[in-house]
Structure formats: structure tokens, C-alpha cells
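*Asks:* Take this structure, written in C-alpha cells, and hold onto it; I'll ask about it next.
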Amino acid sequence: MVEKKCVIPIILLLIPLVSGVVNWHFEVDIDDACEIAKAENKLVLLYVYDEWTENADRILEDSKVSEYINSHFYAMKLYKFTSKAICEAYDIEKAPTVVFLDVYAEEIGRIEGFSNSEDFYNEMKETIEAKEFREQLRDEAYEALTNADSLYAKGEYKESKEQYNIALNKFKQLGEKEKEEYCKSKISSADVKIQLGLLKYGLIIFVAVVAFFALIYYISAKK
């Protein structure tokens with residue numbers, strides 16, 4: 001994460017006089033921007049520009065693009081040569097570059113050297129949708145894991161195994177190795193519990209059958 005006091009400078013003479021319909025923010029601390037974005041249920045967009053990115057400016061000023069940006073992002077505009085700390089933090093080497101951040105200031109996607117508004121819009125939309133998908137997938141994974149742990153604690157091992165398998169598949173998609181291993185270990189443990197349960201019931205049935213035939217033999221012998 002970028003250090004708390006890393007502030008984006010503003011060079012008035014180098015900022016275009018007209019910044020289009022995007023609600024740009026300039027002299028803002030990254031962490032403050034993330035807090036604002038979180039409160040507004042948005043993400044953060046960093047646009048890095050220089051003197052040769054007029055075409056990129058026009059793309060971002062396209063009504064479809066700008067409306068989407070304003071609806072989903074807290075948008076920040078950075079002049080490349082006076083925002084070196086930010087550029088180094090996110091490994092931004094050229095302009096134009098747009099970097100998308102979550103509310104924890106972690107990068108979730110970027111677009112470099114864009115040339116037309118339609119492609120830019122589609123890539124931006126895919127970034128949002130991919131993040132929303134991952135968030136939903138993570139919620140579903142942890143819900144299944146919570147259900148599985150609860151069922152396991154109650155001794156409902158077959159049902160817990162089903163939930164652990166659901167959670168395992170979702171954690172695999174998320175790439176969360178630690179949770180994958182946890183689910184695998186609980187599935188193995190549930191299998192052992194299920195087998196022990198079957199063995200127990202099998203033993204009870206066996207004893208009952210032996211007792212039944214012993215009773216029949218006893219009655220027959222008595223006659």
C-alpha cells in the first residue's frame with residue numbers, strides 16, 4: 001500500500017484547462033481517496049497523463065466512458081513527471097495509463113496505451129465485473145465454509161463434507177491455497193468420521209443378527 005502521506009501534487013499550468021465531464025480529483029492523499037471511495041461504494045481510478053496524451057483525454061471525455069467512471073470510481077488525475085512516488089508504488093512507467101484500485105489501495109487492474117473509447121469502456125467494465133464476481137465468489141466460499149464447520153461440529157459429517165467440497169471449489173477459483181488445504185483436511189476428516197459411523201452401525205447390526213440367531217437357537221434347543 002502506498003504510504004499514508006504520499007500526496008499527489010498539482011501543477012496548474014500542466015493540467016488541461018478543460019477536464020471533460022469526468023469528476024477529476026487532483027491533490028488528494030491515496031488513503032483519503034480510498035476512504036472516500038469506500039464511503040461512496042466506489043473504487044479508485046488513477047489516470048496518469050503527460051503532454052502527449054491528448055487522445056487519451058478525449059477517450060476519457062467520451063460520454064459513455066465518463067458516465068461509467070463517475071458512477072463507479074473516485075477518479076484521480078496524475079501528471080506523470082510530478083507523481084513519481086505514486087508511479088513507482090504502482091509500477092507505472094508510461095502515459096497514458098489507468099490503474100484501478102480497491103478501497104485498500106491494492107491494484108485490481110490497469111489499461112495502458114488505450115486508443116479508442118469503446119475498447120477502453122469494455123476493458124474498464126470487465127475489470128469491475130471481474131472484481132464483483134470475485135467478491136461474490138468469496139462471499140459464497142466463506143458462507144459454505146461456515147456452514148460446513150457448523151455441520152461438522154454437530155456431527156453431521158456427510159452434509160458437512162458436501163459444504164466443504166463447495167467451499168473447496170470456490171477457494172480454488174480464488175486461488176486461496178490455505179483455505180483449500182483446510183477444506184481438504186476437513187473433507188478427509190469427515191470421510192473418516194463417516195466410515196467410523198458406518199462401521200459402528202454395521203457392528204450394531206452384526207451383533208443384533210448374532211443375538212437374533214442365538215435366541216432362535218436357544219428357543220429351539222429348549223424345545
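*Asks:* What nm distance separates the two modelled labels at V21 and L196, each placed 7 Å from Cα along Cα→Cβ?
*Replies:* 6.6 nm
*Asks:* Further, regarding this structure: With the cut-off at 29 Å, tell me which of the pairs K80/K125; K64/K94; K131/K158; K42/K154; K64/K131 have Cα atoms farther apart than that.
*Replies:* K131/K158; K42/K154
*Asks:* Looking at region 81-118, which GluC sites (Glu not before Pro) are in a loop (DSSP not H, G, I, E or B) and have at most 14 other Cβ atoms within 10 Å?
*Replies:* When the GluC sites (Glu not before Pro) of region 81-118 are filtered for loop state and at most 14 Cβ neighbours within 10 Å, E93, E106 remain.
*Asks:* Hey, for a label at E135 modelled as a point 7 Å past Cα toward Cβ, could you say which residues of region 42-60 have their backbone N under 14 Å away?
*Replies:* What the label zone holds, given the 14 Å backbone N cut-off, is 42-45.
*Asks:* Can you list the residues, at least 5 places off or on another chain, whose amide H is less than 5 Å from the amide H of R110, using H built in the peptide plane?
*Replies:* Those lying under 5 Å, H to H, from R110 are F100.
*Asks:* Given H placed 1.01 Å from N in the peptide plane, which residues other than close sequence neighbours of F73 have an amide H under 5 Å from its amide H?
*Replies:* L43
*Asks:* Moving on to the next point. Using the Karplus curve 6.51 cos²θ - 1.76 cosθ + 1.60 with θ = phi - 60°, what ³J(HN,Hα) values do you get for each residue of region 131-144, in whole Hz, with x for Gly and Pro?
*Replies:* After applying 6.51 cos²θ - 1.76 cosθ + 1.60, I find 5, 4, 5, 5, 5, 5, 4, 5, 4, 5, 5, 6, 5, 5 Hz.
*Asks:* Another question about this same structure. Just add up the charged neighbours of D62: K/R +1, D/E -1, any other residue whose Cβ is under 15 Å from the Cβ of D62.
*Replies:* My count for the surroundings of D62 gives -4.
*Asks:* Take each of the peptides 55-61, 123-129, average the number of other beta-carbon atoms within 10 Å over its residues, and list them starting from the highest.
*Replies:* 55-61, 123-129
*Asks:* Right, something else. Determine ³J(HN,Hα), in whole Hz, for all residues of region 100-106 in sequence, where each value follows from phi through the Karplus function 6.51 cos²θ - 1.76 cosθ + 1.60 and θ = phi - 60°; x replaces Gly and Pro.
*Replies:* Here the 3J(HN,Hα) series is 9, 10, 7, 6, 9, 6, 9 Hz.
*Asks:* At a Cα cut-off below 13 Å, give the aspartates and glutamates reachable from K186, other chains included and same-chain residues fewer than 8 away excluded.
*Replies:* Correct list for K186: D149, E156, E159, E162, E178.
*Asks:* Looking only at region 77-106, which residues have a backbone nitrogen under 17 Å from a spot 7 Å from the Cα of E54 in the C-beta direction?
*Replies:* 96
Taken together, the values in this text are just the output of simple stated rules run on the coordinates, not laboratory data. Computed from a predicted model, the values in this text were never measured in an experiment. Positions of Cβ are backbone-derived with ideal geometry, glycine not excepted, and every protein chain shown enters the neighbour counts.
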